[in-house]
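Colleague: Handing you a structure now.
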Amino acid sequence: MKKLVIFDLDGTLLNTIADLGDACNYALRAMGYSEHALATYNYMVGNGVRKLIERAEPDADKTTIDRLLELFREYYDEHSTDHTTPYPGIPELLTRLHENGVAIAVASNKYQSAVDRIIPHFFPDIPFVAIMGQIEDRPVKPDPSIVFAILNKYPTPKSDVLYVGDSAVDMETARRACVDSVGVTWGFRPVSELRGAYADNIVTSPSEIISLAGVK
């Protein structure tokens, strides 16, 4: 049985795309730029908020990106739970893992203060061993530093770790960290991306993760 399951957040545990898109569109609108359809944000997210802003307005210079980022956070900090919901079966999955002695952690490219606010809101009864988002002195995924930080906080042999995410960024993060990866098909990216990123496992429902974790 696996001793630790590390989850990506956006597109894996929570469907956050509407709130992320609304925040980005708010920032773009405030600066006089064109907004994007919410569906297009599926392919802009995944590498942190700054990269999201850069993809949403590729012609903006650094000063403008900085201001757009401020506006994004201004809006998102107030509206991060307006439309966001856990994917079906996720609360039950987390509860089942915990009840069977499997530790649970979060590794997200979302900035730390947002992660700290969102996780307790949606999963107040889950005792995560680590909740880690993007911080200034740590590179974003697919750099594996965030996984190593979790393992430093909750020491676990890599052979006993499962990393779950919805994108190539996540699969590459797991590969670089030398832990088994699980790609989920309910997130923001297509199955073809997960296959192309050499996911060790691909699942179509949260219940399949229970089996991969070795829980009976």
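Colleague: Roughly how tilted is helix 17-30, in degrees to the nearest 10 and between 0 and 90, from the longest Cα axis of the chain?
Modeller: On a 0 to 90 degree scale, this one is about 20.
Colleague: Still on this structure: Could you work out how far helix 62-79 tilts from the main Cα principal axis of the chain, as a 0 to 90 degree angle to the nearest 10?
Modeller: Its long axis makes an angle of about 60 degrees.
Colleague: For a quick check: with amide H placed at 1.01 Å from N, whose amide H comes under 5 Å from V106's, ignoring anything fewer than 5 positions away on the same chain?
Modeller: F7, A130, I131, M132
Colleague: What are the ³J(HN,Hα) values, in whole Hz, obtained from phi via the Karplus relation 6.51 cos²θ - 1.76 cosθ + 1.60 with θ = phi - 60°, for each residue of region 44-51 in sequence order, with x given for Gly and Pro?
Modeller: Couplings: 9, 7, x, 10, x, 5, 4, 5 Hz.
Colleague: So if we plug the beta-carbon distance of R29 and E99 into 1/(1 + (r/R0)^6) with R0 = 35 Å, what FRET efficiency do we get, rounded to 0.05?
Modeller: About 0.20, to the nearest 0.05.
Colleague: Please give the direction-averaged projected area of the C-alpha convex hull for region 1-69, in square nanometres with one decimal.
Modeller: 5.5
Colleague: How charged is the neighbourhood of P86? Take every other residue with its Cβ under 13 Å from the Cβ of P86, and add Lys/Arg as +1 and Asp/Glu as -1.
Modeller: In short, -3.
Colleague: Using a 1.4 Å probe on the protein chains only, how many percent of the accessible area of the chain belongs to carbon and sulfur?
Modeller: 50
Colleague: Also, quick follow-up: How far is helix 112-122 tilted off the main Cα axis of the chain, in degrees rounded to 10, range 0 to 90?
Modeller: Taking Cα atoms only, the helix is inclined about 60 degrees.
Colleague: What is the ratio of the Cα radius of gyration of region 119-216 to 2.2 N^0.38 Å, where N is its residue count, to two decimals?
Modeller: 1.08
Colleague: Continuing with the same structure: Per residue, what accessible area does the chain have, given a 1.4 Å probe and all protein chains present, in Å²?
Modeller: 44
Colleague: Shifting gears a bit: Within 10 Å of each candidate Cβ there may be at most 15 other Cβ atoms; applying that plus a DSSP loop requirement, which chymotrypsin sites (Phe, Trp or Tyr not before Pro) in region 118-216 survive?
Modeller: Answer in residue order: Y198.
Colleague: Right, another one. Determine ³J(HN,Hα), in whole Hz, for all residues of region 150-161 in sequence, where each value follows from phi through the Karplus function 6.51 cos²θ - 1.76 cosθ + 1.60 and θ = phi - 60°; x replaces Gly and Pro.
Modeller: 5, 5, 5, 6, 10, x, 8, x, 4, 5, 9, 10
Colleague: Quick one: among K158, K62, K141, which has the greatest mean-square fluctuation in a GNM of the chain with alpha-carbon springs under 10 angstrom?
Modeller: The residue that fluctuates most here is K62.
Colleague: Length gain on complete extension for the stretch C178 to D77, per 0.36 nm per residue less the alpha carbon to alpha carbon distance?
Modeller: 33.0 nm
Colleague: Okay, next question. Rounded to the nearest 500, what is the 222 nm mean residue ellipticity of the chain from helices alone, with -39500 (n - 2.57) per DSSP H run of 4+ residues and division by all residues?
Modeller: Rounded to the nearest 500, it is -12500 deg cm²/dmol.
Colleague: Of all DSSP beta bridges in region 1-153, what percent run antiparallel (nearest 5)?
Modeller: About 20 percent, rounded to the nearest 5.
Colleague: For the chain, I need the span (max minus min coordinate) of the C-alpha atoms along each principal axis, in Å, sorted largest to smallest.
Modeller: 54, 32, 32
Colleague: So how far apart, in nm, are the two label points at R195 and R138 if each is 7 Å from Cα heading toward Cβ?
Modeller: Each label point lies 7 Å from its Cα, and together they span 3.4 nm.
Colleague: Run the simple label-point estimate for D66 and S205 please: 7 Å along Cα→C-beta, distance reported in nm.
Modeller: Calculated label separation equals 5.1 nm.
Colleague: My understanding is that a pair violates if its Cα-Cα distance is over 28 Å; which of K141/K216; K2/K141; K62/K158 do that in this structure?
Modeller: K141/K216; K62/K158
The values are calculated or read from the model by the stated rules, or taken from the named source; none is laboratory data. Quick caveat: nothing in here was measured; it's all calculated off a predicted structure. Positions of Cβ are generated from backbone atoms using ideal geometry, with glycine treated the same way; all protein chains shown enter the neighbour counts. Remember, those area values only see protein heavy atoms, side chains included, never the ligands or the DNA or RNA. Shrake-Rupley method; radii C 1.70, N 1.55, O 1.52, S 1.80 Å.
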